[in-house]
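Remarks on the structure that follows.
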Amino acid sequence: MVFQEIPDEVTLSINLSGCPYRCRECHSPALQKDIGEELDEDVLTGLLQAYGKTITCICFMGGDAHPEKVYELAEHVQKKWQGTIKTAWYSGKDSIHHRASDCFDFVKTGPYIKARGGLDKKTTNQRLYQVNNGCLVDITYRLQK
């Protein structure tokens with residue numbers, strides 16, 4: 001569980017491997033490899049049931065190599081939990097994925113550039129958006145000091 005990734009949410013963060021971007025000075029280079037166990041709807045359901053009401057959001061960290069799979073997982077959460085668990089996606093892509101506003105409550109975009117810093121730095125190239133009635137609202141400032 002994490003408390004910093006999504007403002008005002010208690011978030012279960014799940015790392016998805018196979019990142020295609022290979023950012024210089026990547027903060028999670030192990031995720032460039034295709035490692036770990038397959039995350040499917042059954043595994044995801046088990047995780048969310050195990051955490052019960054202690055979480056308010058699930059954040060998929062990565063998954064850019066297979067965005068359709070990430071959409072499917074987010075849609076599964078939306079249908080099964082009917083809005084009681086919010087969905088977020090941390091993507092390294094420079095732009096918004098075409099279905100992001102349909103599947104997620106929050107979307108982070110942008111590759112990690114060490115010299116620019118992460119979302120907590122005002123110099124960051126990364127952006128965090130909240131989806132509000134299908135519109136993307138930049139809330140990056142809420143993570144900055």
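Side notes on the structure shown:
- Hits in the stretch 125-143 - residues which are loosely packed, with under 13 Cβ neighbours inside 10 Å, outside any helix (DSSP H, G or I) and in contact (Cβ under 8 Å) with a residue 12 or more places away in the chain: Gly134, Cys135
- Residue in the stretch 103-124 that is part of a helix (DSSP H, G or I), crowded, with 21+ Cβ neighbours inside 10 Å and touching a residue at least 40 places away in the same chain (Cβ under 8 Å) present: no
- Long-range neighbours under 6 Å by Cβ, at least six apart or interchain, first residue under 15 Å from Ala74 (Cα atoms) within the stretch 32-43, second in a helix (DSSP H, G or I) and at pLDDT 90 or above: Glu41/His76
- Top-ranked residue in the stretch 91-108 [being of a type outside the set (Asp, Glu) and modelled with pLDDT of 95 or more; ranked as farthest from Lys79 (Cα to Cα)]: Lys108
- Subset of the stretch 66-92 [of a type outside the set (Gly, Ala, Ser) and in a loop (DSSP other than H, G, I, E, B)]: His66, Gln82, Thr84, Ile85
- Failed condition for Ser17, given (1) out of contact with any Ser or Thr (no Cβ under 9 Å at 6 or more places or on another chain); (2) exposed (fewer than 11 other Cβ atoms within 10 Å of the Cβ); (3) not aromatic (Phe, Trp, Tyr): (2)
- Cross-chain or 6+ apart pairs with Cβ under 7 Å, the stretch 46-73 first and under 25 Å from Cys23 (Cα atoms) and charged (D, E, K, R), then exposed (fewer than 14 other Cβ atoms within 10 Å of the Cβ) and at pLDDT below 95: Asp64/Pro20
The values are calculated or read from the model by the stated rules, or taken from the named source; none is laboratory data. Because the structure is a prediction, the values reported are computed rather than measured. Quick reminder, even Gly has a Cβ in these numbers, built from the backbone with ideal geometry, and neighbours come from all protein chains shown.
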